[in-house]
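The values are calculated or read from the model by the stated rules, or taken from the named source; none is laboratory data. Please read these numbers as outputs of a predicted model, since none were measured by experiment. Reconstructed Cβ throughout: ideal geometry from the backbone, glycine too, with neighbour counts over all protein chains shown.
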Amino acid sequence: MSRGMTRRRFLKTAGAAGIGAAALTPLLQAVSREVALAQTGGTLVYGMASPFDTLDVTVTTSSYVGRMGLHVVDPLVWSVKAGEYAPGLATSWTASPDATAYTFNLRDDVKFHDGTPLTAEAVKVTFDRIVDPATKAQTAFSFIGPYDRTEVLGPLQVRVRFKRPYAAFLNAASTPYLGIISPTALRRYGADFGPVVFVSTGPFSIQSYQSGQEITLIRNINYNWASRVHKHNGPPHLQRMVFKIITEPSTRLATLETGETHFIEDIPPTDLERLKRDQRFTVIEIPQAGSGWSVMFNQQRPPTNELAVRRAFQLTVDKEGLAKSVWSGVHKPACSPLTPNLFGFDPETCKKYPRNVDQARRVLDEAGWQMGPDGIRVKGGQRLVVDYYFRTENPKLREMTAFIQAQMRPVGVDVQLRGLAGPAYFQAVRTGLHHVQYWWDTGTDPGQMLRILFHSSNAGGGSNRNNYRNAEMDTLIDQIGAEGNPQKRRELLAKAQQKALDEQIMIFLTDPPSLFAHQRTVSDVWVDWGGLYPYFYDARITR
Amino acid sequence: MLQYIVRRLLLTIPTMLAIALVVFLMLHAVPGDPATIFAGDNNVTPERLAVVRRDMGLDRPIAVQYVDYMSRIFRGNLGRSLYSRIPVTREIGNRISSSAELAVAAFALAVTLGIVLGVISAFWRSTWIDVAAMSFAITGVSMPIFWLAQMLIFVFAISLGWFPVTGAGGLNRLFLPALALGLISSATLARLVRSSVLEVLSLPYVTTARSKGLAEIKILARHVMKNAFIPIITVMGLQFGTLLSGAVITETVFARPGMGKLLIDAILIKDFPVIQAVVLFVSLIYVLVNLLVDVSYALLDPRIRFD
């Protein structure tokens, strides 16, 4: 197939050349280059777990779009490991001491897929558009943080300014979500930019898109600005990539087994062991960076406004058992709001409040919750009933909730399952009807994670569905966001994690890995340290 | 007859208007605000949510939204999805051929198998043939489609490697989904055909035909089938509509794009323009299929007149 396509492209190019013979020499060069490329080539088919909302990675709400998008954009910097960065589109950068301004020098040899050159102006257009409410950017909007403005200092130099210190900006700039888009294409395509087309600078460009079905990327043969993080420079080895949307996990796995896909994401935990033993496949298992599965307690509604009730959950729920039964032992019991691979994770959190069911009973007794005749505790005529809200789209959530319900019952807590579909669920938890709800998030900046969970600015309908408001915690989070010194930042992070546990704002259940599998014939797949983005720039398929 | 068809087609207009109104009202009665769902678990302030709501046009009074919605329909503009911002007509256009392909293939299979099984079990009623055919039908009716679909994948795609697991385009990719969907509807149809044929077989005119010495096969083909077919065709019409728009599970398991999945996904995120457009479209299909069914009555039974 790759041969046929090359020939067709050749004929197309040749037809164009007939118009002007003067173009013959560059044409021949292009042809010989194509021929050379065809010797690598091949199409990699990627089985995706989720449909896309848009092609525009700077607008999307879906983290799956980021996995495709990283191939189409180039980040300003690459994250090598937690807190360490390498050049991407930016050759060098400096941060102001107070972390409110970042100056980037851009590469001078980068072209967008539409042929226009990358300029400082494009960075400004991209970032200004992300914060424009009319764009309705989601993930990128939260990554760009307290963005103020971008100043164009020269054709290839920009300064990005923030309203308050934002030490996490480099981390944000290393995600695909702040990739730079072509201002020319943006003007040209208007409302179709994103839904239908997307033009950036990456090693692949979008060839076709059928919403709900698949996206085909084709290699950018002019690509010659790879980061030194990767193994080679020049066009990608693969000729095409097809991202096929296969939402049903068992079907996705079946396509890998029949060879219809080369690479799949989100392997069902129950199939992991079997896949690992299968000689035909390679399994990639990387602890996922972010905040694992956890439980948020609404601190504004009785009875979860009481520390004792929240503590009873922490002391009762068997995280190990949960990881083993619901998640087939693939997850690890969690300790803190941060996953252990994040910068500043505090291992002390694992020892702080270990499981102790008797102690849970004592804590509730001491708080005045007396065991009632039906085995449910009562205080002041009020039964200890907890409304547990979860989304029904994910069957694992029901399993986890049932597990927790069964464990809380002997302690005298009546957990009521309130499974709802998306619309009703979000309505309920954003207005604060819940006592308890789940959280799970991915991300590589610890300060950002804590802000999402605990900062008062996100309470009352935002992501802090703990509705937890605490001035001391806000200050800590703001300090973490502004602190450039790693040692000091680590101390602040430890303090915030300890505080989250001491006040038992949430309980942290399990930390999941990112699970991918691919055919043995695929080699050189790069995955970031956070396990979020498999990247195929260096990848090859051997026949 | 022609007059009747024209009259029925004109009646489609008020029917569609009523459907449009009901869909609109239902969407607004169900809890859940699209702007909130759009924000999902993202970190969104109430102010920004208000902007999104305004941008989606959801801050206006319901009546204004309704007038705007209806006037857009009359101008043939179904709008863009609130989430993907892809024009709704394009979303439907992308999926309709795949859905139609699956529906037609599954329908053909269901009708062929359903009628054959139904007729032979009626004809040889209370014999082992009847028992076997009806056991098949009961198994089919009670078999969950997601299980059947996965079993088909396991047997024909993974173990035997005869067919690909997923996708649209090409007959080999159509086979397994059409088989899964068609087998299950054929079961419903087979049971109906059997009872309908049995009922007609017990009528006096069949006895008369028999007493004239007509061969059983002739009685069945000429006299029984035509009369038994009226209820069967009604159900077939409804089934076609369901196959076109209700094949969500089949579409999900085989990762095929389709109208059913488009609709369900839109409902789960309350994507008003998509839900409205798909429901209108599917209703139109139902109305047209019903018209065809009614017209076919007259062709089957000359006693039925439409004027």
- prompt: Is it the case that segment A:274-290 has a residue that's among the small types (Gly, Ala, Ser), outside any helix (DSSP H, G or I) and more than 14 Å from chain B (Cβ to nearest Cβ)?
  reply: yes
- prompt: How about segment A:386-419: which of its residues are more than 18 Å from residue A:507 (Cα to Cα), more than 34 Å from the chain's Cα centre (by Cα) and among the β-branched types (Val, Ile, Thr)?
  reply: none
- prompt: Restricting the first residue to segment A:252-263 and requiring it to be within 7 Å of chain B (Cβ to nearest Cβ) and closer than 14 Å to residue B:156 by Cα, which pairs with a second residue that is assigned to a helix (DSSP H, G or I) and not hydroxyl-bearing (Ser, Thr, Tyr) meet a Cβ separation below 7 Å and a spacing of at least six or different chains?
  reply: A:254/B:153; A:254/B:157; A:254/B:158; A:257/B:158; A:258/B:157; A:258/B:158
- prompt: Of A:510, A:475, which residue is modelled with pLDDT of 90 or more, of a type in the set (Ser, Thr, Tyr) and crowded, with 17+ Cβ neighbours inside 10 Å?
  reply: A:510
Segment A:201-218 - residue that is aliphatic (A, V, I, L, M) and surrounded by fewer than 22 Cβ atoms within 10 Å (Cβ to Cβ) and, of those, farthest from residue A:72 (Cα to Cα): A:218
message: Of the conditions (1) crowded, with 21+ Cβ neighbours inside 10 Å; (2) at pLDDT 85 or above, residue B:158 satisfies every one except a single condition; which number is it?
response: (1)
Test set (1) in contact with a strand residue (DSSP E or B) (Cβ under 9 Å, 6 or more places away or on another chain); (2) over 30 Å from residue A:432 (Cα atoms) - residue A:293 fails condition number: (2)
task: Look at residue A:245 and say whether it is within 11 Å of another protein chain (Cβ to nearest Cβ) and out of contact with any helix residue (DSSP H, G or I) (no Cβ under 6 Å at 6 or more places or on another chain).
output: yes
task: Tell me the strands (runs of 3 or more DSSP E) entirely within segment A:127-239 that contain at least 1 residues that are over 23 Å from the mean Cα position of the chain (by Cα) and without any contact (Cβ under 8 Å) to a residue 40 or more places away in the chain.
output: A:147-154, A:204-210, A:214-219
- request: Could you grab the pairs with beta carbons closer than 8 Å, sequence gap of 6+ or different chains, first residue in segment A:380-408 and on the phi < 0 side of the Ramachandran plot and part of a helix (DSSP H, G or I), second one of a type in the set (A, V, I, L, M, F, W, C) and surrounded by fewer than 16 Cβ atoms within 10 Å (Cβ to Cβ)?
  value: A:398/A:417; A:401/A:417; A:402/A:417; A:405/A:417
message: Among the listed residues A:465, A:490, A:451, identify the single one that is of a type outside the set (A, V, I, L, M, F, W, C), within 28 Å of residue A:363 (Cα to Cα) and either surrounded by fewer than 18 Cβ atoms within 10 Å (Cβ to Cβ) or within 21 Å of the chain's Cα centre (by Cα) (or both).
response: A:465
- prompt: Mind checking whether some residue in segment B:271-288 is within 14 Å of another protein chain (Cβ to nearest Cβ), β-branched (Val, Ile, Thr) and either closer than 30 Å to residue B:154 by Cα or assigned to a loop (DSSP other than H, G, I, E, B) (or both)?
  reply: no
- prompt: Residues in segment A:440-447: is at least one assigned to a helix (DSSP H, G or I) and surrounded by fewer than 24 Cβ atoms within 10 Å (Cβ to Cβ)?
  reply: no
message: Among (1) free of Cβ contacts under 8 Å to residues at least 60 places away in the same chain; (2) within 14 Å of chain B (Cβ to nearest Cβ), there is one condition residue A:356 misses while meeting the rest; what is its number?
response: (2)
